[in-house]
Amino acid sequence: MDTIFQGQLLRPDFPFEAEVQTESSRLYHWHDAVELLLVGQGTICVAMPGREYQLAADDLLLIGSGEVHCLTSEAG
């Protein structure tokens, strides 16, 4: 993914990072922390083993810690 912003927000003792991404990738990955995915504009497909979510602008998805997933711009 093309990341145009990444950084720690709020207080240094509160571990929170934010990213703004403009492109998707079919590479499956996972994170140690939970991921809150908010779609700013357009649509995106979030694929997980056995599940697929089609999200549009203003949709929010919580992805659990250790859940394998990938983000694509189209279903399938």
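The values are calculated or read from the model by the stated rules, or taken from the named source; none is laboratory data. The model shown is predicted, which means the values in this text are computed figures rather than measured ones. Cβ: placed from backbone, ideal geometry, glycine included. Neighbour counts: every protein chain shown. Just the protein is used for accessible areas: all its heavy atoms, side chains included, with ligands, DNA and RNA removed. Shrake-Rupley method; radii C 1.70, N 1.55, O 1.52, S 1.80 Å.
Annotations for the structure displayed:
- Enumeration of residues in the stretch 23-52 that are under 16 Å from C70 (Cβ atoms), open to solvent by 80 Å² or more (accessible area, probe 1.4 Å) and not in a strand (DSSP E or B): E23, W30, P49, G50
- Within the stretch 22-37, residues that are among the acidic types (D, E) sit with their Cβ atoms under 7 Å from residues that are surrounded by 11 or more Cβ atoms within 10 Å (Cβ to Cβ), at 6+ positions apart or across chains, in these pairs: E23/M1; E35/I63.
- Annotation for the stretch 7-17: no member residue is at pLDDT 90 or above and not in a strand (DSSP E or B).
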